[in-house]
Amino acid sequence: MIFKIRNFLNKQSIIQLTLFKVIFSIFIFLIIFIIIYGQNFWEKQVLKFDYNLLISALNAQTKIQSQISTIEELKINKMLTKSQKISKIEGIIHSIIDNQNENENLIGYYDIELDLIVENKNNDNILFNEIHSMIGSKNEFNYLSDNNKVKINIPIYDKGKIVGYVWACAKNADYLELSFYNWSEMIILVLSLTILIIFLVRKNIKQIELYLEKFCKMIISNDNSKQEQVLNKLPELSPILNKISCFTDGLKQMNLELESSKRHIKSIMEGISDGFYAIDRKWQFTFANSEIEKLISLDKNEILGKYLWEIFPQIIGSLTYEKLQEAMSLSLYESIHWEAEGIVIPDRYYEYHAYPFEEGLTVLFRDITILKRQQLEFARLERLNLIGQLAAGISHEIRNPLTTVKGFLQMFGSKSKYEQDKEYMDLMVSEIDRANEIITDFLSLAKANLDNIKSKNINEVINKVFPMLQADAYNNNKEVIFDLDILPNIMINENEIKQLILNLVRNGLDVTPENGSVIISTYLEEDKVVLAIKDHGTGIPLDLQEKIGTPFFTTKESGTGLGLAISIGIAQRHKAIFEFKTGNNGTIFYTIFPT
């Protein structure tokens, strides 16, 4: 029980505890006051009650003593009977004692000679035999026991002889009733005063609470307009306010420095060209820079607080999601790096860096699509360069013996004795010619032909090769369509551009079904001349797209795999961009020339 009370008190505020202590102290004081003052009070009440009873008895004794001679004459009057004497004496006594009712005490007179007891109207069924046994034992004031019977008796004298007694008594009930009445008045007064004191104390404590609350609000809001009012009421808070002011000034300075540092860091994060975001351990965004806004077309305020998969729903199940989970499980100061396709734009490629910290994870990602394409281009160019060097080194050595073999075969074929073998001779010659064409293609990968660069309109070059293209298309029951815009002249090698167009259009015709068409388009886009050649095939499978342009890679049964490699080499020598887009409805090859 004591432990529970102690816990309850410990949970209370200082002000509530102070109020409780004040009330408890007043309550203890009240108990002590009642104990000490109560004993005094009851003693005074007894004395006061006895004194009033004595005064009433003395007043009656004085008056009866003044009439005692008359009473004695009546007793010796022989002309009256005893009953007449008693009647007259009772009348005299009643006229005296019936007026002694100020305190409603029971007063009477006892005549010894007549053995007569006369009492006032307050007769409370006191038995006369009890009065007989208690009065007349002494000829002076006689204080009897507290037994609701005779309390005081005073003798009446006539000629020096006791002839009777004036007696008085009171009920203990009357005595207690009167005392409790007086006692209750005192208790009510004390309780009223106590309640008033508690009310005033509580009111003052409430006022202290009010001003403490104002003081707290003043500190929080930094509003000094009410400072004087609060300190006038609670001057004890002045040193506290001074200390708080010192601390708040220091905190303000630190906050200014932190805000400045925060703005500086934020400006750095916003200024970087890479995407940057931070997530907490619950996978909710806590920061995102402007690159994220551009990527998903959302304001950063809409991003913050949302879950990662709410902003990037495509991330679930991806390599990036697995790597982020792995990074979240790493200890601090470790990092993880990976490359993966874009989440929002799948055809882009990104480099990711994840850094775990105590509250979550920071992620930095960079678009490396162009870098990847450049790497692929460098690898392709390196292969082309290697092939070109190989072609340049061996082409002359191979052509010379091939020319000799071709000459002897033609010579043998013109002789009559080899007439039956002429068919084989012609086949061998055609194969030698085919080998020479391959060697020529090899050489075209290595040679630059920079001497023939001239200002030309690419539309004119297309028109020159149109009859040849149209013939190829007609022979295969297909069609070549032109869609040429007005273009400025650009610096090109006409023969190489012809070869590029022939290679791309013939490839397109090979994959286009009968009655289909290959479309040659030219247009100007951002000050660059674009040559677009579109077929209507089934598209390039995803697993083959990375191999496009690799020498000797072909899907044709009779192809050499050098056509696209040669075309890419031509584009590179013209500082043009060579790219393609493919789908189920066909493939478009773009060659974008600078102006």
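The values are calculated or read from the model by the stated rules, or taken from the named source; none is laboratory data. These numbers were taken from a predicted model, which means no experiment stands behind them. Ideal geometry is used to build each Cβ from the backbone, glycine not excepted, and the neighbour counts take in all protein chains shown.
The table that follows gives values for the structure above.
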{"item": "Given (1) in a helix (DSSP H, G or I); (2) surrounded by fewer than 10 Cβ atoms within 10 Å (Cβ to Cβ); (3) modelled with pLDDT of 70 or more, index of the condition Lys78 fails", "result": "(1)"}
{"item": "Subset of the range 467-492 (residues that are farther than 28 Å from Glu525 by Cα and free of Cβ contacts under 8 Å to residues at least 24 places away in the same chain)", "result": "Ala471, Tyr474, Asn475"}
{"item": "Scope the range 353-372; condition surrounded by 14 or more Cβ atoms within 10 Å (Cβ to Cβ), over 25 Å from the mean Cα position of the chain (by Cα) and β-branched (Val, Ile, Thr); matching residues", "result": "Ile368, Thr369"}
{"item": "Pick from the range 297-312, criterion part of a loop (DSSP other than H, G, I, E, B) and in contact (Cβ under 8 Å) with a residue 12 or more places away in the chain, ranking: surrounded by the most Cβ atoms within 10 Å (Cβ to Cβ)", "result": "Phe312"}
{"item": "All strands (runs of 3 or more DSSP E) inside the range 313-430 with 3 or more residues being out of contact with any Phe, Trp or Tyr (no Cβ under 7 Å at 6 or more places or on another chain) and modelled with pLDDT of 75 or more", "result": "349-357"}
{"item": "Whichever residue in the range 465-522 is in a helix (DSSP H, G or I) and of a type in the set (D, E, K, R) and, among such residues, is farthest from Ala571 (Cα to Cα)", "result": "Asp472"}
{"item": "Per-region count, the range 307-352, residues basic (Lys, Arg) and more than 31 Å from the chain's Cα centre (by Cα)", "result": "1"}
{"item": "Candidates Ile570, Ile566 - the one that is modelled with pLDDT under 80, under 20 Å from Asn452 (Cβ atoms) and surrounded by 20 or more Cβ atoms within 10 Å (Cβ to Cβ)", "result": "Ile566"}
{"item": "Single residue of the range 84-123 satisfying the filter (in a loop (DSSP other than H, G, I, E, B) and either of a type in the set (Phe, Trp, Tyr) or touching a strand residue (DSSP E or B) at 6+ places or on another chain (Cβ under 6 Å) (or both)) that is modelled with the lowest pLDDT", "result": "Asn122"}
{"item": "Unmet criterion (only one of (1) within 60 Å of the chain's Cα centre (by Cα); (2) modelled with pLDDT of 90 or more; (3) surrounded by fewer than 18 Cβ atoms within 10 Å (Cβ to Cβ)) for Leu542", "result": "(2)"}
